[in-house]
Amino acid sequence: MDASVITTTDLRKVYRSRDREVTALDGVDLGVREGEVYGVVGRSGAGKSTLIRCVNLLERPTSGTVEVAGRDLTALAGRSDRAPAALRAARAGIGMVFQHFNLLSSRTVQDNVELPLEILGVSGRARARKAGELLDLVGLSDKARAYPAQLSGGQKQRVGIARALAGDPKVLLSDEATSALDPETTRSVLRLLRDLNRQLGLTVLLITHEMDVVKQVCDSAALMKGGRVVESGTVAELLATPGSELAGELFPVGGQASGPDRTVVDLTFHGDSATRPVISQLARTYNVDISILGAAMETYDGRQIGRMRIELPGRFEDNVVPIGYLREQGLDVAVVPDAPEAVPVTGPVSVTDPVAAPVPAPAPVSTVKETAK
């Protein structure tokens with residue numbers, strides 16, 4: 001099993017103002033494995049940015065623990081507002097990329113990248129050599145003497161990434177690093193982050209509200225709401241989980257039943273089932289008219305994964321056999337609960353037993369556990 005490089009345990013952050021308390025983080029448990037790109041998604045106010053600032057102790061958690069690379073940062077924090085030397089040393093192994101770049105306008109690109117090394121007391125010649133290597137790595141070696149005002153938004157973010165890598169970190173934190181960029185520049189920066197992840201063996205934790213970011217670069221993801229992680233796991237696991245809210249956001253499909261005596265079913269295709277004509281085979285085998293209400297197909301990590309919403313004629317009990325057939329073909333199936341009789345199918349149903357009763361649905365699963373490797 002891959003070890004977790006970033007672990008938060010029962011992490012809480014409460015902001016107090018006079019007689020009012022606002023809970024930004026409400027018991028967050030998170031595990032980011034070595035070498036993966038982990039995305040945390042959610043709407044504004046979900047607690048995402050507070051979480052990432054607690055990971056490097058820019059924000060002191062109210063309670064709970066944060067471990068990075070085997071070190072308990074919360075134990076190093078002390079009680080004063082000033083970070084002790086041990087915490088500052090631990091932070092040297094954590095790079096941070098900000099949404100609004102945070103570059104010093106009076107310094108050249110080269111000088112901005114050298115700044116962390118200057119603070120660490122690295123000699124001028126060594127700083128210049130390291131900054132030159134990093135600017136070459138992010139494709140900006142020709143901009144070393146330029147000033148931030150002369151750069152595009154994407155170039156500024158690349159400088160911010162180079163600066164975050166100056167201390168040779170093992171962990172890179174990204175707080176909405178692409179939200180201020182246009183779509184093409186966003187794709188370019190995401191490709192850079194993925195390349196750095198692979199070339200340098202970086203573990204990347206990124207915060208975003210954009211589902212496309214998760215689809216393009218993330219190995220694992222977590223969905224936050226109201227300061228809590230409500231769903232987490234590898235992206236492949238989430239996509240293969242019927243009823244996954246995050247999967248529904250990544251690959252949205254819609255459509256409502258056309259009448260009261262109809263059954264609406266959500267299907268997830270992956271592996272061999274993504275390339276086989278399962279729906280047409282179902283229609284021929286059972287002589288059933290099938291309406292496709294919505295569909296989405298994507299290639300993720302070199303594999304085709306798709307979601308589809310279909311409508312079957314008749315009530316749920318009339319469609320137990322066709323639904324069982326779909327499951328036996330390797331599809332993940334969930335009946336959309338718009339009608340009282342529509343309940344998720346949670347176990348295999350034999351297609352040879354036309355009167356098989358549906359299995360009652362358990363409470364919805366909100367978290368997908370990560371598979372041990």
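Here are the numbers for the structure shown:
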read-out	value
Among (1) at pLDDT 90 or above; (2) within 27 Å of ALA236 (Cβ to Cβ); (3) part of a helix (DSSP H, G or I), the one test that ARG309 misses	(3)
Residue satisfying all of: in the stretch 209-230; of a type in the set (A, V, I, L, M, F, W, C) and farther than 24 Å from LEU11 by Cα; surrounded by the most Cβ atoms within 10 Å (Cβ to Cβ) among these	VAL213
Some residue of the stretch 71-89 being touching a Pro at 6+ places or on another chain (Cβ under 8 Å), of a type outside the set (Val, Ile, Thr) and over 24 Å from ARG228 (Cα atoms)	yes
Residue pairs meeting the criteria (Cβ under 6 Å; at least 6 apart or on separate chains; first in contact (Cβ under 8 Å) with a residue 60 or more places away in the chain, in the stretch 205-220; second among the basic types (Lys, Arg))	ILE207/LYS48; VAL217/ARG194
Unique match (being part of a helix (DSSP H, G or I), surrounded by fewer than 17 Cβ atoms within 10 Å (Cβ to Cβ), without any contact (Cβ under 8 Å) to a residue 60 or more places away in the chain and among the basic types (Lys, Arg)) among ARG129, ARG158	ARG129
Complete set of residues in the stretch 166-204 that are in contact with an Asp or Glu (Cβ under 9 Å, 6 or more places away or on another chain) and within 13 Å of GLU36 (Cβ to Cβ)	LYS170, ASN197, GLY201, THR203, VAL204
3 or more residues surrounded by fewer than 22 Cβ atoms within 10 Å (Cβ to Cβ) and touching a strand residue (DSSP E or B) at 6+ places or on another chain (Cβ under 8 Å): qualifying strands (runs of 3 or more DSSP E) within the stretch 1-53	4-17, 20-33
LEU58 being of a type outside the set (Gly, Ala, Ser), at pLDDT 95 or above and in the same structural domain as GLY227 (by TED's automatic domain parsing)	no
Residues located in the stretch 134-146, provided they are surrounded by 13 or more Cβ atoms within 10 Å (Cβ to Cβ) and among the charged types (D, E, K, R)	ASP136, LYS143
Test: LEU57 is buried (at least 17 other Cβ atoms within 10 Å of the Cβ) and either aromatic (Phe, Trp, Tyr) or on the phi > 0 side of the Ramachandran plot (or both)	yes
Members of the stretch 267-324 found to be hydrophobic (A, V, I, L, M, F, W, C), over 32 Å from the mean Cα position of the chain (by Cα) and buried (at least 18 other Cβ atoms within 10 Å of the Cβ), listed by number	LEU282, LEU312, PHE316, VAL320, VAL321
Residues located in the stretch 231-254, provided they are farther than 23 Å from PRO183 by Cα, surrounded by fewer than 20 Cβ atoms within 10 Å (Cβ to Cβ) and under 14 Å from the mean Cα position of the chain (by Cα)	ALA236, GLU237, GLU245
Qualifying residues in the stretch 103-123 (those that are β-branched (Val, Ile, Thr) and more than 16 Å from LEU140 (Cβ to Cβ)) - the one modelled with the lowest pLDDT	ILE119
Number of the condition not met by THR186 [criteria: (1) surrounded by 18 or more Cβ atoms within 10 Å (Cβ to Cβ); (2) at pLDDT 95 or above; (3) polar (S, T, N, Q)]	(2)
Single unsatisfied condition, SER179 versus (1) among the hydroxyl-bearing types (Ser, Thr, Tyr); (2) in contact (Cβ under 8 Å) with a residue 60 or more places away in the chain; (3) buried (at least 19 other Cβ atoms within 10 Å of the Cβ)	(3)
Residue match in the stretch 283-290 (condition: at pLDDT 90 or above, in a loop (DSSP other than H, G, I, E, B), in contact with a helix residue (DSSP H, G or I) (Cβ under 8 Å, 6 or more places away or on another chain) and among the β-branched types (Val, Ile, Thr))	yes
The lone exception for THR299 - which of (1) in contact (Cβ under 8 Å) with a residue 12 or more places away in the chain; (2) under 17 Å from THR268 (Cβ atoms) it fails	(1)
Unique residue being in contact with a helix residue (DSSP H, G or I) (Cβ under 6 Å, 6 or more places away or on another chain), aliphatic (A, V, I, L, M) and at negative phi when the list is LEU200, LEU223, LEU206	LEU223
Those residues of the stretch 162-212 which are assigned to a loop (DSSP other than H, G, I, E, B) and of a type in the set (D, E, K, R), in sequence order	ASP168, LYS170, GLU176, ASP182, GLU210
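Conditions (1) more than 29 Å from ASP175 (Cβ to Cβ); (2) part of a strand (DSSP E or B), marked per residue:
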site: VAL230; (1), (2): no, yes
site: THR241; (1), (2): no, no
site: GLN256; (1), (2): yes, no
site: GLY259; (1), (2): yes, no
site: VAL264; (1), (2): yes, yes
site: ILE279; (1), (2): yes, no
site: ILE292; (1), (2): yes, yes
site: ALA295; (1), (2): yes, yes
site: ILE305; (1), (2): no, yes
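The values are calculated or read from the model by the stated rules, or taken from the named source; none is laboratory data. Treat the numbers as computed from the prediction; the structure is a model and nothing was measured. Cβ: placed from backbone, ideal geometry, glycine included. Neighbour counts: every protein chain shown.
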